[in-house]
Structures are given as structure tokens and as C-alpha cells.
Amino acid sequence: MMLSGHIVPAWRNLLRNRRRTLVTVGAVAFTMALLVLVGALSEGMVQGLIRNVTETSMGLVQAHAPGYLSDPSFYTAMEHSEVLEAAAKDAGISVARRSFGGGLLAYGDKSAGARIWGVVPEMEKAFRFSGSLAEGTFLSAKTPPGSVVLGRKIAHLLKAGIGDDIVVLVQASDGSVGNELLRVVGVFAPIGDDFDRSAAVISSADFEHVFVSGGRVHELAFLARDGRSAETLVSELEPFAEGAVLRTWRQLMPPISDMDLMMRGMMVFVGLVFSLAAGFGIVNTMMMAVHERVREYGVLKALGCTPLRLFVDTSIEALLMGGVGTVLGGLVGQGLVVWFIYHPIDLSRIVGDMSLVGVAFDPLWRAASAPDLIFLNAVVMLVLCWGVSILPALRAARLNPVEAMNHDG
Amino acid sequence: MRAGGIFAAVLALLMAMPGIVQAGNGDDLTALLDSIDDLYRSDASAGRMSMTVVTKHFTRQVVFDAWSEGRDKSLIRIVMPLKEAGISTLKVERDIWNYLPNVDRTIKIPATMMAASWMGSHFTNDDLVRESRYQEDYDCAWETPSDPARLGVACIPHSDAGLVWGKVVLEVAKDTRLPISVAYFDEDMLLARTMFFEDVGSLGGRALPRRMRLVPEDKPDEETRIEYGQLTFNPSLSADLFSLRSLRSRGP
């Protein structure tokens, strides 16, 4: 009741100069719609990047032997990795078991250093890279022993294609020279700079043979696509991680994590600046409104209207404009967001193959709804609209009734 | 002997040694270094040696035959163990090829793999190819040796010599003029590794160290030992010994 007693006169006042009110509300709505859209697009870009990073091969969480990541020695292998693996399976988490070794690949007169992955093909199916081939196939039960799938750039460097026999030369775990012929069965599509330049993926059985690896496991990668966060996975797996260190993608890929946080910070800042600009529109409108109504306020005051009442009325007028604009803008913006969720922007025509922080980027730029960001923007907008209206509201409240009634504005 | 080329030093050491001995007409540094640099230029050698690699994770022994000619050419062929027998390394100037008999392929070692270990030892591929001369690539000066019976020489590479070391310190026996140790310091002047020359005895008709040990400073429990079985100076080598064709063949 109290409030409606303020809102109705405020609303009437706003309708007195409909065109001006419309323009101001329009400015607020436009700003808000823009903020919602830009926020959703940046959120979409970050989420796409995170999905790319985690689903391609890294997973949400990885396990390694302590010290492996800082000094990836062949001999720093995980103990009891099978316990962790079983626990992940029980919890419905996809897991891939990997071994890594350095070596030299050669074909014809070309040779290149490679990072050799020993994988269980079946387990890698959960990860996108195993299905992301430019030519040929990934390893499977059907591919014969001695098959290798190469990163795009290293294949290009070796000038090796499907069906070519390349030589792998490594230092085996016993110090001896391991060498074997491998047949190229597939070449990956662009995955990420490092991967493209150096990856040679072979089956764990071939890895064992070439490296005399003694069953050493260097990495377990975990992925869940049911919305469970990396932190949730860690808490589920931690009790089984004896002799292994679990790390989330945020810890494994700080640049991407930082970028995520930076983008959010930037959106809040942009929101603040835009809202401030819209707020100035409101200040202007309110200044004009107060100025026009000085005599009216004088009469009201003379009739016993308190300064507080005038202050509240004027403030509510500003808030009403901001509120209507914010809601309208939010709705329009969200409509645009939905459009961009179903109609992603195709960047491939503009940039071709793109990689960001060394990670191949999905050229389809989809918006992603970010309710928390919308809410924050709305709050900021309303607070600012009200904040900037304090000045005109104070002016109204402080008017001397006699002077005001004689005002000739 | 050469400062950077440890591996070549291993092969050519014995040609260099008499040079040091001959240069022993006083403590003239220039004369000493000159003779070290120049002596094995056109010389050739052939020998059999064994390499023992001791690491935290494995100990292994490899026996190989080696031929060398001058500074630029060498050929090494593994004799033992059987699994690796026939694996050969050819070095001509700055290039290295490996021949792998069980897949019958020759591989050229790319620049990116130069820092990788050679045959599982503490030597790198780079050690095989690095060419430097004390007189041209280093500024050398006498240094106080750790033992009064030795001569000490500290050499700092010129910045444009493309050498990975910050400093190399040689210690040479005063009486025999045979090297005792070479210490390699990294760019921060921290000791990275030391090569020791031991077991002086008759080799190819000369009194020479018959064992060399390379000890990495960060892994004092590890080492690579090279012991000479036999050595012949200036053998008659066929003209195309140091070729890719000969690399692929079984005999010298």
C-alpha cells in the first residue's frame, strides 16, 4: 500500500512526457539487451573453450604420480593406478589410461622428435580427439599391431600418410635402443599446437614392446559429461588416489582458467561502464523533470508534503524508468541469446583453423546463457539508476516552498 | 683435445695425447693449446671399446667398434648386446645418422633431438657433433689446479661460438701432460659434469688413459664409463667408410 502510494504518482509523472520517458527507457533497455547478449556470447566462448580443453583429451581431472608433471620422467609412473581406474568406473566416470615416452620418428629422409602415447583405444572413445581425424581411423580392436596415429603437423613434417611405414627410435626403460616399424593408420585433425606437432599414438601393447615399459602408467584422464564439475570428480576419486596426485583442468591449464576468470571480470566491468552511461540518461531526464516541476513541488511542500516524500517519489520515478528498461532489455537480450544458441556464429569463414592458448578452437561460436551475469547486470543497472537520481531527488526535497512557487522555469 | 666434443674426444683423445706430451716444453699455454687443437687433424683411428652406463634405473654395457678420421668423421657400430648388435652411428661434420638393422632403416638425427641421450648414455647427440677449438672458440688462461702436480687451464667460450658451456676447466698431469679431468660448467657457471681420465697404460703403443668416466653433477651416483679394449692409430681405412652406404653394411 505504502509503495503503491509512491508508484502511482511516479508512474503518472513519467507519462507526462511520454516521448522523453520512452527515449530514456529505450536507452536503458538497449544497454541492458546489449549487456545480456555480449555477456552470453563471451560466456559461450569461454564455455566452448573449456569444453574443448576438457573433452578433447585432457578430461576434467587427471591423475599422475607425484612429481611427474614437473619432471615427466618415464620412470615416474603411478602405483595402484588400477584402483583409481576401478573407482572411476564404479562412479560412472569415463577414464583413459595413458603412458608416455619420448622418441624419434623417421620416414624417408625426414625425422622428428615425438611424444609417443601408449593408449587403450577403447578407453579413449570418451575423448573427442580419438574421433577427430583428418584421414584414416583411430586405433581399435581391428587395427593390426604396430599401428600409429599421428598428429597433423608431425605427419606433415615427416611427409608420411596413411599406409606408410615409419620408424620409431626410442630409449627403452632398460637403456637399450628400442626401434620398430609402425604403420600410419590415421592422421589427426588439428587438436592443439603441441599435440599436432608431436603426438604419435600407439596401442599400449605396442608401447610395452617398444619401450620395455613394464606396464608403467603415467596418466589417467577422467571425464564426466553429466554436468559434474571437476571439483566434484576430485572429491569422488580422492579416497582412491593412493600414490597419485589428482588435478583439475583449472590446475592443469591455468591460462584457460585465467581467461575464464578474466572474461567474467571484464564483463562485469563492461556492464558497469555501460550501466553508468545509461544512468546518465536517467540523470538528465530526472534533472529536466525536477526542473519543470519546481513550482509544483513548491505547492506540494506548502501543502505539507515532507522532503522525504518528495525524495522517495523522485527516486521511485528514476527506479521505475530503470526497472522497466532493464526488464524490457533483459527480455529482448535473452531473446537474442536464444537465437545465438541455436544459430551459432560460424567463424571458420573468417579465421580458418584457429587456436587459442595452443588449443584448437571450435569455429562455431555459440552463446551460452549466464543467469548469474544477467542478474548481476540488472542489479548494477538498477543501483546505478537509483544512485544517479539522488542528486535531482535531493534538489526536489530541499526546495524552499515560497521560492519554488515563484520559480519561473 | 677439444673442449666441447666429448665424444670426439673419446675417439680422438689418443691422437691428442702425444700432442700434449710433445708440447711439454715449458708452460707456454698457447703452445699447449695449439698442439692440442692441431694434432689429431688428419689422424685416423680404429678401436674397440666398451661403454658402461650406470643410472638410477638401469646399468648396461655396450661394446662397440669405432673408426674415426680427423675431426669430422666417425663411425660407431654396436657389437654387444645382441639385441642391439649392428646398430650404427655415422657422424660426418655436423650430421648424425643412425642405422637400425632390424628395421633396415637409416635415420638422420634432427636438430631438435641433439640434446637427447646417445644410446642411453650420459653423452648427448650434441656431444658427437660439437666442433670447437680451444684456440679459436675459447679464451683460455692458467688456473690454479686442485693438486700441485697438475696444470690447470680454464677456458671460456666466445659468445659467438655457439657452445652450450659457460666454462671448461682442464686439469693436466704436470709430468706426463696427460689429461686428468675436464669439468664442464653451465652458463650460470655451475658445474654440470666432469669427465675423468683414468687407468693410464699402454694403448696403441702409447701410454694413455684407457678409461674415461663422465659423471653428471646433478646425479653423482650415475656415470658413463668408456674403456678401451684395443686401438690402432692410422689404420688403412677405405675411402668410403664414412658414407651412408657403408653405414648400412655390416662390415667396416
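Assorted remarks:
- Structural descriptor for segment A:48-121: relative contact order 18 percent, calculated from alpha carbon pairs under 8 angstrom and at least 6 residues apart.
- Modelled label positions at B:ASP72 and A:GLU238, each set 7 Å beyond Cα in the direction of Cβ, lie 6.4 nm from each other.
- In this assembly, the A-B interface accounts for approximately 1600 Å² of buried accessible surface in total, computed with a 1.4 Å probe and without ligands, DNA or RNA.
- Surface share of carbon and sulfur [accessible, 1.4 angstrom probe, percent] for the protein assembly as shown: 59 percent
- Averaged over its residues, segment B:110-238 has an accessible area of 46 Å² per residue, based on protein heavy atoms and a 1.4 Å probe.
- Counting only protein heavy atoms and using a 1.4 Å probe, the accessible area of A:ARG183 comes to about 120 Å².
- Left without a cysteine partner by the 4.7 Å Cβ rule in the protein assembly as shown: A:CYS305, A:CYS385.
- Here the relative contact order of segment A:66-243, from alpha carbon pairs under 8 Å that lie six or more residues apart, stands at 32 percent.
- Considering only alpha-carbon pairs that sit under 8 angstrom and 6 or more positions apart, the relative contact order computed for chain A is 28 percent.
- Helical content of chain A, expressed as a calculated mean residue ellipticity at 222 nm, amounts to -17000 deg cm²/dmol (DSSP H runs of 4 or more residues, -39,500 (n - 2.57) each, divided by residue number, nearest 500).
- Kirkwood Rh in Å, taken over all unlike Cα pairs in segment A:66-243: 16.8 Å
- In Å², nearest 10: area of A:ASP194 left accessible to a 1.4 Å probe: 120 Å²
- Ignoring lysines fewer than eight residues from A:LYS125 along the same chain, the ones with Cα atoms less than 23 angstrom from its Cα are A:LYS89, A:LYS142, A:LYS153.
- B:LYS91, B:LYS219, B:LYS83, reordered so the largest accessible area comes first (probe 1.4 Å): B:LYS83, B:LYS219, B:LYS91
- Accessible area of B:GLU222 in the full protein assembly, 1.4 Å probe (Å², nearest 10): 20 Å²
- Normalised convex hull volume, segment B:51-123, alpha-carbon set, Å³ per residue: 103 Å³
- Among B:ARG177, A:ARG18, A:ARG398, the order of accessible area from largest down is A:ARG398, A:ARG18, B:ARG177, computed with a 1.4 Å probe on protein heavy atoms.
- Counting 0.36 nm for each residue step from A:LEU391 to A:GLU292 and taking away their Cα separation leaves a gain of 34.1 nm.
- Accessible heavy-atom area order of A:TYR75, B:TYR184, highest first, probe of 1.4 Å: A:TYR75, B:TYR184
- Once the chain from B:ALA111 to B:ALA239 is taken as fully extended at 0.36 nm per residue, the excess over their C-alpha distance is 43.3 nm.
- Summed side-chain charge close to A:ARG264 - residues other than A:ARG264 whose Cβ falls under 12 Å, Lys, Arg +1, Asp, Glu -1: -4
- Sequentially through segment A:267-273, phi angles give Karplus couplings (6.51, -1.76, 1.60; θ = phi - 60°) of 4, 5, 5, 4, x, 4, 5 Hz, Gly and Pro residues having no value and appearing as x.
- Surrounding net charge for A:ARG20, when Lys and Arg each add one and Asp and Glu each subtract one, Cβ distance under 14 Å: +2
- Computed extension gain for A:ASN17 through A:ALA134, at 0.36 nm per residue and net of the alpha carbon distance, reaches 35.7 nm.
- Those lysines that a straight Cα-Cα span of less than 25 Å connects to B:LYS73, excepting residues fewer than 8 apart in one chain: A:LYS110, B:LYS91, B:LYS108
- Evaluated at q = 0.05, 0.07, 0.09 Å⁻¹: base-10 log I(q)/I(0), Debye formula over Cα of the protein assembly as shown: -0.43, -0.66, -0.86
The values are calculated or read from the model by the stated rules, or taken from the named source; none is laboratory data. The structure displayed is predicted, hence computed values, not measured ones. Ideal geometry is used to build each Cβ from the backbone, glycine not excepted, and the neighbour counts take in all protein chains shown. The protein model used for the area step is the full one, side chains on, heavy atoms only, and it has no ligands, DNA or RNA in it. Shrake-Rupley method; radii C 1.70, N 1.55, O 1.52, S 1.80 Å.
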